[in-house]
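Okay, structure first, notes after.
The values are calculated or read from the model by the stated rules, or taken from the named source; none is laboratory data. Just so it is clear, the model here is predicted, and its values are computed rather than measured. Ligands, DNA and RNA are excluded from the accessible area calculation, which covers all protein heavy atoms including side chains. Shrake-Rupley method; radii C 1.70, N 1.55, O 1.52, S 1.80 Å.
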Amino acid sequence: KTISKPPSDFTPDQESVSMESMVTLTNQRHHTQFLTAIKLLKCEKYKEAVEGLKVVIRAVQEQPNYGDYAIYARTKNKRTTLSALNMFTALAYEGLANPKKAIEFCNYAINEDP
């Protein structure tokens, strides 16, 4: 097998985007809650992470739309933010061994940002 090399101007950041970077929150308190929930998720404190993420999701849902949404620009907007938040919640439910809720939140994520 031949493995082709990436172009010389390739940088890893061009091909990968962290899910955390897909979350854009317009309120500092919500941003702090999100960062706390992510830390809890990384520390395998899944129940607390779910609770925190749900608070942030509800807060974002209550806001008016923000940012531009286009197939080529899926950052810094409400739809992509909600999609990523739902995926983080799905991961937390997976950690809680609750596949039904994990799938439910995956579906929410897909519905927000197909």
Requested in this report: Any chance you could look up the accessible area of residue 62 with a 1.4 Å probe, heavy atoms only, rounded to 10 Å²?
Outcome: 150 Å²
Query - Rule-of-thumb Rg ratio for the stretch 25-114 [Cα; 2.2 N^0.38 Å; N residues] - result: 1.04
